[in-house]
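The values are calculated or read from the model by the stated rules, or taken from the named source; none is laboratory data. Being a predicted model, the structure only gives us computed values, none of them experimental. Every residue, glycine as well, gets a Cβ built from its backbone with ideal geometry; the counts of neighbours run over all protein chains shown. Remember, those area values only see protein heavy atoms, side chains included, never the ligands or the DNA or RNA. Shrake-Rupley method; radii C 1.70, N 1.55, O 1.52, S 1.80 Å.
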Amino acid sequence: MKRWFSVLMVSLTINFPSGSQDLKSPGEFLGYEPGMQFTYQHKAVEYFRYIADNSPLAEFREYGTTYEGRTLGVCFVSSEENLANLEELRKNNLIKTGLASGEPTGKQIPFVWLGYNVHGNEAVGMEAAMKTLYTLVSGSYPNVNEYLKSCVIIIDPCQNPDGHELYTSRYRNSMSMLLNPDKNAWEHNQGWPSSRSNHYMFDLNRDWTWQTQTETRQRLALYNQFMPQVHADFHEMGPESTFFFAPAAQPWHTVITQWQNDFHKLMGKGNAELFDDKYRLYFTKESFDLFYPSYGDTWPLFNGAMGFTFEQAGGGVSGLSFKLESGDTLTLKERIDGHFTASMATIKVSYENREKLISEFNKYFEDNSKKPGFQYKSIIIKASNEKSNIRNLLELFDNHQIRYSFAGSTGKKTKGFDYSKNKDGEVTIEKGDILISAYQPQSRFVQVLFEPDSKASDSITYDLSAWALPYVYNLKAYALEEKISPDTGNVKYPEIKNVVSSTKPYAYIADYNGFDELKFMAALYMKDIKVRYSMKPFRINGSSFNRGSIIVARGDNKNSGEGFDEIIRKAADESGVRIVPAETGLVESGKDFGSAYSPLQKKRKIAMLCGEGTSSSAGELWYFFERELKYPVSLINTKDALQTDLSVYDLLILTSGSYTGIKDTITDYVRRGGRVLAMENAISVFNNSKLTSLGKAIETKATEDKAAEKKIKSDDTVHLRKFEYAIESRYSVSARSAGSIYKVKIDDTHPYAFGLGNEWFIMKRTAGYPYLPSGNNIGYILEKEPYSGFAGFKYKDKIKNTLVIGSENIGKGEVIYITDNPYFRAFWKSGRVLVGNVVLR
């Protein structure tokens, strides 16, 4: 009776905005009620545009397009007055953060951003977004008009349209005419590739910090124009679960403020009230932590907002209905209600705490600029670092509104933490060194990105445990406790413009420094230009050139015609490479251009296996080829490999995955003269001791380990170890690396390692492999301790003296082993050189 009376009273207090009764609901617009079908993304965009065109409380803004050409857009929802003054509200908010100059001209109110469907197959999000939008503009919810007077709500209905459409089209194609909750049915089991990810198979909820993908970059460009106080990210998890909302699980990164902690509790309480009202089950403080900085909850937290993850039971496997182990049926309609309820709770709690949201938000940025908590007040990036890595680092700073300058105090010698040595050292500030000061609005985020060892409240984390940028970009960098003053002037690097000699030089030379030269080589291959590279350093015309330097000889390209010089110049300019003309092939020291130490290279044909059983790292390398190296790669589905003539390809790439069914095909390709790059667990294709040096080494190591293994007797009390989830979790992580960073010793005389230097850093997640008794041990780990991040004690004992990069000949061919992904999630930029060397040399 009490609940019925409450509902009656609520219904009598709802005020409908003028004209709202004429608006079509999602069901009326789409022709079916929410929960009866998955909606195509373009129809949801049409509905959002329709609402914006017909309601004075909504404004639609397109902010970009996906790789496959689909619209990315949001709706701003607020009172008519607020929308009329949206630009003023936006500017006032940015001025208060210190990210924009000027004086505020009026009021400041909270921006509350609701983001749905970052994972394509978590398709309930977009359905809930439409219901939330309609509820707000129609006024069909208690106090909604007050919410809109005091807040601006930003609704992004689908952050990953390409993944969503892959899921929806597959589901509609396979669904039964009658609802079928049987988990074994076709409609509940979609194949490869996973529709969770985007076009290039990236998990966009791991891309917030790195912004490698166009969807992320365009979304966060809009986000940075408004800097919302609240960001909620809506997900789905397994169907047998319930619903997750804040507070989040441990660990929490230590830069998260007390107010952000307190607001997580307030948000949890506010959600619990609405969920209790509906007798819905939920849980908090489990599974989903706040440590890794590239999620839809942590990235906003490190940018001053209140960041939240909401997880509804369901996911792609659930379809329109799913039979649970309990015997109940989980429906799409029920899942929509879960995210709708959490959406309204988020808005409600934000409204109720709007004044403190604003004051604490402003304080966050003021403290950042005036009294940063980071131990290190200045980061120095040495000017001598490889230019493409510095350029990409500065692009990352620009994307995150992180300020940088040239360092002042040139010539000053000071103490600081040396990232490359993982200990304190000394640095002399030189002209051209880059300074990142902790005294800036984004100070806490600077701390998160540059902490030598990221600080958390617990060692068990959902994802990576290390990501310090000097290791990501393989940069010589120092963290100083001293505040260094900036130099005047903007950080700009002059655009390279080469001039073609009218004398038709004997050859053109590009000194090899890093990835730009590999792009240059790829561009030349695309024009069918043959190149050489130097196996040894050399000197000519008084200038010195590194190993790997590119030599483009006129005599090797006699059929290129009169346009030869212009092709070289244009490729060099577009790649950011300076070319040096040479009038002779006779060097002053080193090896002459026609020597066997300067091998001739021509365009390579590359293939990569993908398909069922392979991992998303295939998508990462696909992205690398198309968007960074700009060189073609043929993706061959594993199911077609047996019928494919692999001999036409110069290199076959195997990313992490299972290749059991085509193992013989791959090994036969190598024996006949092919080259294979095997990464991560794809290396297991070659662990046969009768075939490979690697297999012999693995067998020997296994025998040694077994002999050294401590025998546990049947009556040993170790078997009585009490099973408790938390304890069991800690015990299991003792044998793994939680995405920790290890230093790799490099044989930089090997062509595959050119440009890496004699030391490199890798994101280590896999077990170690033994050294090759025959072949090339190109990169290896000599120490048990990671430079940054968490590795379990058992893992550390086994990782010392293990292989990271190696190669061996099998028959007439060659296999190159890389034990971990060197281009991890496309943000580990220093790994591009390694992959590019293998591909192009």
Whole-Hz Karplus ³J(HN,Hα) for the stretch 232-247, in order, using 6.51 cos²θ - 1.76 cosθ + 1.60 and θ = phi - 60°, x for Gly and Pro? 10, 10, 9, 10, 10, 10, x, x, 7, 8, 10, 8, 10, 9, 4, x
Sort Leu449, Leu586 by accessible area with a 1.4 Å probe, largest first. Leu586, Leu449
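Could you give the length gained by full extension between Lys492 and Glu626, i.e. 0.36 nm per residue of separation minus their alpha carbon distance, to one decimal place?
Details: separation 134, 0.36 × 134 = 48.24 nm, distance 2.69 nm.
Contour length minus Cα-Cα distance gives 45.5 nm.
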Alpha carbon centre of the stretch 244-290 versus the stretch 758-827: separation in Å? 39 Å
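If the viscosity is 1.002 mPa s and the temperature 20 °C, what translational diffusion coefficient in µm²/s does Stokes-Einstein give for the stretch 288-341 when Rh comes from Kirkwood over Cα pairs? Could you put the intermediate results ahead of the total?
Details: Rh = 13.1 Å.
Answer, rounded: 164 µm²/s.
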Restricting to DSSP H runs of at least four residues, report the calculated mean residue ellipticity at 222 nm for the chain, -39500 (n - 2.57) per run over all residues, nearest 500 deg cm²/dmol. -9500 deg cm²/dmol
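For the chain, with every protein chain kept in place, what is the accessible area per residue (1.4 Å probe, Å²)? Show your work: numbers first, answer last.
Values: 34460 Å² over 841 residues.
Roughly 41 Å² per residue, with all protein chains present.
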Anchor Lys710: aspartates and glutamates whose Cα lies under 16 Å away (excluding residues fewer than 8 positions away in-chain): Asp797
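Give the carbon-plus-sulfur fraction of the accessible surface of the chain in %, rounded to a whole number; probe 1.4 Å, heavy atoms of protein chains only. Before the final figure, lay out the partial values.
Details: 16990 of 34460 Å².
Carbon with sulfur: 49 percent of the solvent-accessible area.
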Computed accessible area, Arg280, all protein chains, 1.4 angstrom probe, square angstrom: 40 Å²
Stokes-Einstein diffusion coefficient of the stretch 353-441, Kirkwood radius over Cα pairs, 20 °C, 1.002 mPa s, in µm²/s: 143 µm²/s
How far apart, in nm, are two points set 7 Å out from the Cα along the Cα-to-Cβ line at Thr242 and at Glu62? 4.4 nm
To the nearest 20 debye, the stretch 486-527 has a Cα-centred charge dipole, built from +1 on Lys and Arg Cβ and -1 on Asp and Glu Cβ, of 260 debye
Taking only the Cα atoms of the stretch 244-361, how large is their convex hull per residue, in Å³? 106 Å³
Label-reachable residues, the stretch 543-562, where backbone N falls under 14 Å from a point 7 Å from Asp528's Cα toward its Cβ: 557-562
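Counting only GluC sites (Glu not before Pro) that sit in a DSSP loop (anything but H, G, I, E, B) with at most 10 other Cβ atoms within 10 Å, what is the longest stretch of the chain containing none of them?
Values: sites that count: Glu325, Glu495, Glu709, Glu724.
The longest such stretch corresponds to 1-324.
What percent does the relative contact order of the chain come to when contacts are Cα pairs within less than 8 Å and at least six residues apart?
Numbers: 1780 pairs, mean separation 80.7, N = 841.
Result for the chain is 10 percent.
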Nearest 10 degrees, 0 to 90: helix 258-277 Cα axis against the chain principal axis: 50 degrees
Spacing of the two label points (7 Å from each Cα toward its C-beta) at Val648 and Ser589, in nm: 4.8 nm
Let me cross-check Thr802: its accessible surface, 1.4 Å probe, with only protein heavy atoms counted, in Å² to the nearest 10? 10 Å²
Could you tell me the number of lysine pairs in the stretch 555-644 with C-alpha atoms less than 28 Å from each other, where the two lysines are 8 or more residues apart or belong to different chains? 19
Calculate the length of the line joining the C-alpha centroid of the stretch 93-163 to that of the stretch 21-76, in whole Å. 14 Å
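Taking every DSSP beta bridge that has both residues in the chain, what percent is antiparallel when rounded to the nearest 5?
Values: 73 of 110 bridges.
If I count the DSSP bridges inside the chain, around 65 percent turn out antiparallel.
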Starting from the Cα of Lys431, draw a straight line to each of the aspartates and glutamates and keep only those under 17 Å, dropping any in the same chain fewer than 8 residues away. Glu386, Asp487
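Convert 20 °C to kelvin, take the viscosity as 1.002 mPa s, use the Kirkwood radius over C-alpha pairs of the chain as Rh, and evaluate the Stokes-Einstein diffusion coefficient in µm²/s, rounded to a whole number.
On the way: Rh = 29.3 Å.
The estimated diffusion coefficient comes to 73 µm²/s.
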Probe 1.4 Å - accessible area at Ser359, Å² to nearest ten: 60 Å²
Over 32 Å between C-alpha atoms is what I'm after, so list which of Lys504/Lys536; Lys269/Lys363; Lys690/Lys713; Lys43/Lys285 land there. Lys690/Lys713; Lys43/Lys285
Dipole magnitude of the stretch 337-493 about its Cα centre, charges +1 at Lys/Arg Cβ and -1 at Asp/Glu Cβ only, in debye to the nearest 20? 540 debye
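Hey, with R₀ at 25 Å, roughly what FRET efficiency would Ser544 and Lys570 work out to, going by the Cβ-Cβ distance, to 0.05? Could the numbers behind the result be given before it?
On the way: r = 26 Å, r/R0 = 1.05.
Once rounded, the FRET efficiency stands at 0.40.
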Distance between modelled label sites at Asp276 and Ser101, nm, 7 Å Cα→Cβ extension: 5.2 nm
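Let me know the shape class of the stretch 21-69, please: from the alpha-carbon gyration tensor, a ≥ b ≥ c as square roots of the eigenvalues, rounded when a/c is under 1.5, otherwise prolate if a/b is greater than b/c, or oblate. Provide the component values of the computation, followed by the final result.
Numbers: a/c = 3.43, a/b = 1.13, b/c = 3.03.
Taking the square roots of the gyration eigenvalues as a ≥ b ≥ c, the stretch 21-69 is oblate.
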Subtract the Cα-Cα distance of Glu88 and Thr660 from 0.36 nm times their separation in residues, and report this length gain in nm to one decimal. 199.8 nm
Dipole in debye (nearest 20) - the chain, about Cα centre, beta carbon charges: Lys, Arg +1; Asp, Glu -1: 2220 debye
